[in-house]
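Asks: What follows is a structure written as structure tokens; I'll ask about it next.
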Amino acid sequence: MLIDCDIHLGYETLNDLLPYLDAPTRELVVSSGTNGLAMPTYPWNHPSGWDRQDVYQRGDVPTTDFVFISLDTLRERHLDAYDVDLGIVEPDEAAVLSVLPNAQLAARLASAYNDWVLEHFLQEDRRLRGMIVVAAQHPEAAAREIRRMGVRDEFVGVFLPGGARVPYGNPMYDPIWEAVNELGLPVTVHTHYETVGIAGPVTAAGMPDYYAEYHTLCGAGMYGHFVSILCHGIFERYPETRVAMVEGGLVPFVGFLWRLDTNWKACRAEIPWCRRRPSEYIWDHVRFGSQPLESPDDPQQMLAAIEFLRPWDTLMYASDFPHWDFDEPEQTLRQLPSEWRDNVRWRNAQGFFRLPAPVVA
Amino acid sequence: MTPAEREARLPLSDAPAEGAVRMLDVGGHRVGLYRLDDALYALADRCPHRGGPLCAGRVATPVEVRDGTLTIGTPRSIVRCPWHKWEFEISTGRCLVDERLRVRTYPVRLEDGEVVVSLDRPPGSPDARPGG
């Protein structure tokens with residue numbers, strides 16, 4: 001049994017969403033800009049391509065930063081190649097909708113994306129499950145979308161990108177937390193679109209000059225959301241809430257938890273709704289995607305560094321297919337102690353996303 | 001395996017152009033044949049980093065800094081793994097970002113107008129050069 005909690009899929013162009021949009025939004029998508037509505041994007045480029053080069057051909061016509069992966073390609077290069085039993089689908093460009101300045105438009109596009117991915121992927125291959133894309137900057141609309149799609153078996157959670165105007169623990173997001181708590185759906189916070197659109201800079205140092213800098217720092221937005229969620233007592237107020245931190249690495253979370261635990265002891269009066277030491281909420285409510293697994297020359301250093309996270313209970317295998325920094329399953333698993341592997345391979349994700357248990361022959 | 005089975009042969013006219021690759025089966029091993037600076041080189045189709053299909057990667061020109069000046073190295077002299085984008089010298093198999101890694105290379109020779117790629121490396125054999 002293998003569950004991959006981070007597979008990226010996306011449309012080829014926004015026009016793919018036209019059949020799922022209302023007439024006024026269709027008009028905007030077609031008529032905006034020079035050649036149709038363009039999404040904001042990263043100010044940097046990966047120097048040799050965002051995606052694995054063997055899953056696409058360079059063409060003459062620019063589309064999005066990311067490439068359209070057909071279901072056939074996904075099956076051939078990933079699901080079948082690695083015997084993935086269940087794969088959690090995350091967005092590519094559609095992740096940017098949460099940092100689009102026009103929140104109403106973003107909400108309509110998010111709904112269309114969910115309908116598109118449902119029809120073209122989730123209903124076509126039962127190994128796939130979707131994460132609901134919402135316009136986080138419009139929490140009421142996001143909550144409506146969560147309630148619209150969250151009742152379907154094909155969707156198993158809600159996707160929130162690292163890039164945001166305000167950290168996700170802030171009370172403005174309460175409608176989103178109320179909806180996921182009501183439906184028992186987990187939330188994945190996944191690095192994406194920091195510095196883009198209405199999102200703040202990836203760190204307070206200011207704008208990095210190089211993609212290599214950005215990609216080293218890109219988890220910073222997630223760390224902000226992580227600490228915000230803990231300090232706002234989300235897990236006290238919404239006890240059914242579960243959150244996964246995906247593609248932010250692992251080691252930084254250890255340092256932030258240790259520091260937050262220390263600060264909580266001195267600042268508890270400021271955040272009295274945090275009734276327990278912040279790290280104690282992790283074991284019941286938070287899971288971590290494995291990719292990118294930090295890879296020092298000595299793997300033992302990595303294992304020692306992440307042990308505090310109790311990875312045997314909190315780590316879920318994530319490939320990040322088809323991006324350039326994806327981790328294939330066996331390469332990830334063999335870096336971990338053998339007694340952790342089954343949990344990381346599937347059991348932790350199965351419980352977190354409440355997926356079907358494996359059939360015992 | 002007989003000595004002949006440990007080799008792959010093709011007419012010199014079928015050897016790849018610079019910047020291209022010709023895939024061969026050499027005794028059951030997938031090997032990519034490349035041309036660089038009028039010499040032929042053969043690399044294993046397996047990236048030593050994570051086992052990716054190296055020869056499906058793009059042939060590229062390395063970007064370098066020499067004497068503080070941004071410049072380029074030998075044109076079309078590296079292959080970039082399609083999976084994680086690590087770069088390897090076609091002529092040596094050397095990885096440009098991790099000196100511990102080297103992709104397996106295979107000897108190439110010319111024989112009676114044919115290119116011969118072998119699993120076995122004769123001691124001191126020079127690289128084959130078209131017309132050489």
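The values are calculated or read from the model by the stated rules, or taken from the named source; none is laboratory data. Just so we're clear, the structure is a prediction, and the values are computed from it rather than from any experiment. Cβ sites come from the backbone with ideal geometry, for glycine too, and all protein chains shown count toward neighbours. These accessible areas exclude ligands, DNA and RNA; they are computed on the full protein's heavy atoms, side chains included. Shrake-Rupley method; radii C 1.70, N 1.55, O 1.52, S 1.80 Å.
Asks: Which shape class applies to region A:9-94: rounded if a/c is under 1.5, otherwise prolate when a/b exceeds b/c and oblate if not, where a ≥ b ≥ c are the square roots of the Cα gyration tensor eigenvalues?
Replies: Here region A:9-94 falls in the oblate category.
Asks: Moving on. For the interface of B with A, what's the total buried accessible surface in square angstrom, probe 1.4 angstrom, rounded to the nearest hundred? The partial results should precede the final answer.
Replies: Numbers: alone 7540 and 15260 Å², together 21560 Å².
Answer for the B-A pair: about 1200 Å² buried.
Asks: Continuing with the same structure: Per-residue mean of other chain beta-carbon atoms within 10 angstrom of the beta-carbon, peptide B:46-52?
Replies: Taking the mean over all residues of the peptide, I get 2.
Asks: Can I ask one more? Would you jot down the residues in region B:55-79 that end up with at least 40 Å² less accessible area in the complete protein assembly than in the chain alone, with a 1.4 Å probe?
Replies: SASA drop of 40 Å² or more in region B:55-79: B:R58.
Asks: Under the 0.36 nm per residue contour assumption, what length would be gained going from the current alpha-carbon distance of A:R127 and A:S32 to full extension?
Replies: Numbers: separation 95, 0.36 × 95 = 34.20 nm, distance 3.68 nm.
That works out to 30.5 nm of additional length.
Asks: Just the number, please: percent antiparallel of the DSSP beta bridges in the protein assembly as shown, rounded to the nearest 5.
Replies: 60
Asks: Taking the Cα centre as origin and putting +1 on Lys and Arg beta-carbons and -1 on Asp and Glu beta-carbons, what dipole magnitude results for chain A, to the nearest 20 debye?
Replies: 1280
Asks: Something else: Using a Förster distance of 35 Å, how high is the FRET efficiency between B:T74 and A:Q301, based on the Cβ-Cβ distance and rounded to 0.05?
Replies: The calculated FRET efficiency here is 0.45.
Asks: Given axes a ≥ b ≥ c from the Cα gyration tensor, I'd like to know whether region A:122-217 is rounded (a/c under 1.5), prolate (a/b larger than b/c) or oblate.
Replies: Note, shape of region A:122-217 comes out oblate.
Asks: Let me ask something else about it. Roll a 1.4 angstrom probe over the protein heavy atoms and tell me the percent of accessible area of chain A that is carbon or sulfur.
Replies: Taking all protein chains in place, chain A shows 50 percent carbon and sulfur surface.
Asks: Mind checking which of A:A110, A:A142, A:Y82 is farthest towards the positive end of region A:54-143's charge dipole, using Cβ charges of +1 (Lys, Arg) and -1 (Asp, Glu) about the Cα centre?
Replies: So the residue furthest toward the plus end is A:A142.
Asks: Using the Cα centre of region A:1-153 as origin and beta-carbon charges of +1 (Lys, Arg) and -1 (Asp, Glu), tell me which of A:N15, A:V29, A:I69 is placed farthest towards the positive end of the dipole.
Replies: A:V29
Asks: Given a Förster distance of 56 angstrom, what is the FRET efficiency for A:Q104 paired with B:D112, based on the Cβ-Cβ distance and rounded to 0.05?
Replies: Result of the calculation: an efficiency of 0.15.
Asks: Could you give me the ³J(HN,Hα) list for region A:144-159, computed from phi with Karplus coefficients 6.51, -1.76, 1.60 and θ = phi - 60°, whole Hz, x at Gly and Pro?
Replies: 3J(HN,Hα) across region A:144-159, in whole Hz: 4, 5, 4, 6, 5, 9, x, 7, 8, 5, 5, 10, 10, x, 10, 9.
Asks: Another question about this same structure. Ranked from highest to lowest mean number of other Cβ atoms within 10 Å per residue, what is the order of the peptides A:227-233, A:6-12, B:92-98?
Replies: Numbers: A:227-233: 21.0, A:6-12: 22.9, B:92-98: 15.3.
Those peptides, ordered most packed to least, come out A:6-12, A:227-233, B:92-98.
Asks: Here's something else I'd like to know. Does chain A come out rounded, prolate or oblate by the C-alpha gyration tensor, with a ≥ b ≥ c the root eigenvalues, rounded set by a/c under 1.5 and, if not, prolate when a/b is larger than b/c and oblate if not?
Replies: Details: a/c = 1.39, a/b = 1.19, b/c = 1.17.
It is rounded, given that a/c, with a ≥ b ≥ c, falls under 1.5.
Asks: List the residues of region A:11-55 whose accessible area drops by at least 30 Å² when all protein chains are present, compared with their chain alone, using a 1.4 Å probe and counting only protein heavy atoms.
Replies: When all protein chains are present, A:S48, A:Q53, A:D54 each give up 30 Å² or more of accessible surface.
Asks: If you don't mind, another one. Computing the accessible area with a 1.4 Å probe over protein heavy atoms, can you report the carbon and sulfur percentage for chain B?
Replies: 48
Asks: Quick one: if you stick a label point 7 Å off each Cα along the C-beta vector at A:E12 and A:E240, how many nm between them?
Replies: Roughly 4.0 nm, to one decimal.
Asks: Let me ask something else. Quick check for you: with a 1.4 Å probe and neighbouring chains kept, what is the accessible area per residue of chain A, in Å²?
Replies: 41
Asks: What number comes out for accessible area per residue over region B:2-125 if the probe is 1.4 Å? Units Å², please.
Replies: Each residue of region B:2-125 exposes 50 Å² on average to a 1.4 Å probe.
Asks: Which residues, if any, in region A:315-333 have at least 30 Å² less accessible area in the whole protein complex than in the isolated chain, probe 1.4 Å?
Replies: Going by heavy-atom accessible area, the residues of region A:315-333 that drop by at least 30 Å² are A:W324, A:F326, A:E328, A:Q331.
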